[in-house]
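Quick note: the coordinates plus some simple rules give every number you see, no bench work behind them. What you are looking at is a predicted structure, and each value in this text was computed from that prediction instead of being measured. Cβ placement follows ideal geometry from the backbone for every residue including glycine, while neighbour counts extend to all protein chains displayed.
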Amino acid sequence: MYSNKIVLHFPSNLVDKSIIYKLSKDYDLEFNILKAFVNPKEEGLMVLELKGDRKEYNKAVKYLKKEKVK
C-alpha cells in the first residue's frame, strides 16, 4: 500500500465541490485530513494523507490537476 502526504490549494470556485469524496469513491483511496482551512467564496488549503494503490494514487493526482487543484 502506497502512502503520501500532500498539500492541496483549492481555488474559490472549487471549495463547494466534493473533491476529497471523489478521491475515496472513484480511486479507492483512504484519506486522513491532517489540517484544513476552507472558507466559502475564498481559497482553501488542506494537508492530506492518501493511502492506496500507487496506480490509483497517480490517477487521483491527475484528476486533481485537471480540476485545477494545486
Cα-Cα longer than 19 Å, checked against K35/K59; K35/K66; K41/K62; K35/K55; K5/K70, kept in input order, equals K35/K59; K35/K66; K41/K62; K35/K55
Cα-based Debye curve of the chain sampled at q = 0.13, 0.23, 0.25 Å⁻¹ gives log₁₀ I(q)/I(0) of -0.32, -1.01, -1.18
Quick calc: nm separation of the 7 Å Cα→Cβ label points for D16 and F37 -> 2.3 nm
By the C-alpha gyration tensor axes a ≥ b ≥ c (rounded if a/c is under 1.5, else prolate when a/b exceeds b/c, else oblate), the shape of region 11-52 is oblate
For region 1-44 the GluC sites (Glu not before Pro) that pass both the DSSP coil test and the at-most-12 other-Cβ-within-10 Å test are E42
